[in-house]
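Following: one structure in structure tokens, then a few remarks.
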């Protein structure tokens, strides 16, 4: 899937993003199990709450002003969509 700036991203149905103290990390819970997320994935998924890709990027640019992150965010969103972690709305 090719994400445009206007594409809205949400967690897929059945997915829950949360901090897991026993893992000392953010996780993505789903009916079949759990995925422990790294810091980058957590930073992106936190904002997959109906915001547009442009809005997600704007928030991340505010948090990490010196990082060139657009390509990495798009690549992660593509991967997360293929894995069924997120859904999109145009």
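Confirm whether residue 58 is part of a helix (DSSP H, G or I) and touching a helix residue (DSSP H, G or I) at 6+ places or on another chain (Cβ under 7 Å).
On the way: part of a helix (DSSP H, G or I): yes; touching a helix residue (DSSP H, G or I) at 6+ places or on another chain (Cβ under 7 Å): no.
So residue 58 fails the test.
Please verify whether residue 26 is at pLDDT 95 or above, touching a helix residue (DSSP H, G or I) at 6+ places or on another chain (Cβ under 9 Å) and part of a strand (DSSP E or B), treating the condition exactly as stated.
On the way: at pLDDT 95 or above: yes; touching a helix residue (DSSP H, G or I) at 6+ places or on another chain (Cβ under 9 Å): yes; part of a strand (DSSP E or B): yes.
Yes; evaluated as a whole, the condition is true for this residue.
Is region 41-58 home to any residue that is more than 19 Å from residue 1 (Cβ to Cβ) and over 12 Å from the mean Cα position of the chain (by Cα)?
Narrowing region 41-58 to residues more than 19 Å from residue 1 (Cβ to Cβ): 42-43, 46, 58.
Adding the requirement that they be over 12 Å from the mean Cα position of the chain (by Cα) leaves 58.
So far as region 41-58 goes, yes, one or more of its residues are more than 19 Å from residue 1 (Cβ to Cβ) and over 12 Å from the mean Cα position of the chain (by Cα).
Anything in region 1-18 that is modelled with pLDDT of 95 or more and either crowded, with 16+ Cβ neighbours inside 10 Å or at positive phi (or both)? List them, or say none.
Answer for region 1-18, where residues must be modelled with pLDDT of 95 or more and either crowded, with 16+ Cβ neighbours inside 10 Å or at positive phi (or both): 7, 8, 9, 11, 12, 14, 15, 17.
Go through region 65-90 and count every residue that is in contact (Cβ under 8 Å) with a residue 12 or more places away in the chain and part of a loop (DSSP other than H, G, I, E, B).
4
The values are calculated or read from the model by the stated rules, or taken from the named source; none is laboratory data. Quick caveat, the model's predicted, so the values are computed rather than measured. Heads up, the Cβs are rebuilt from the backbone with ideal geometry, glycines too, and the neighbour counts pull from every protein chain shown.
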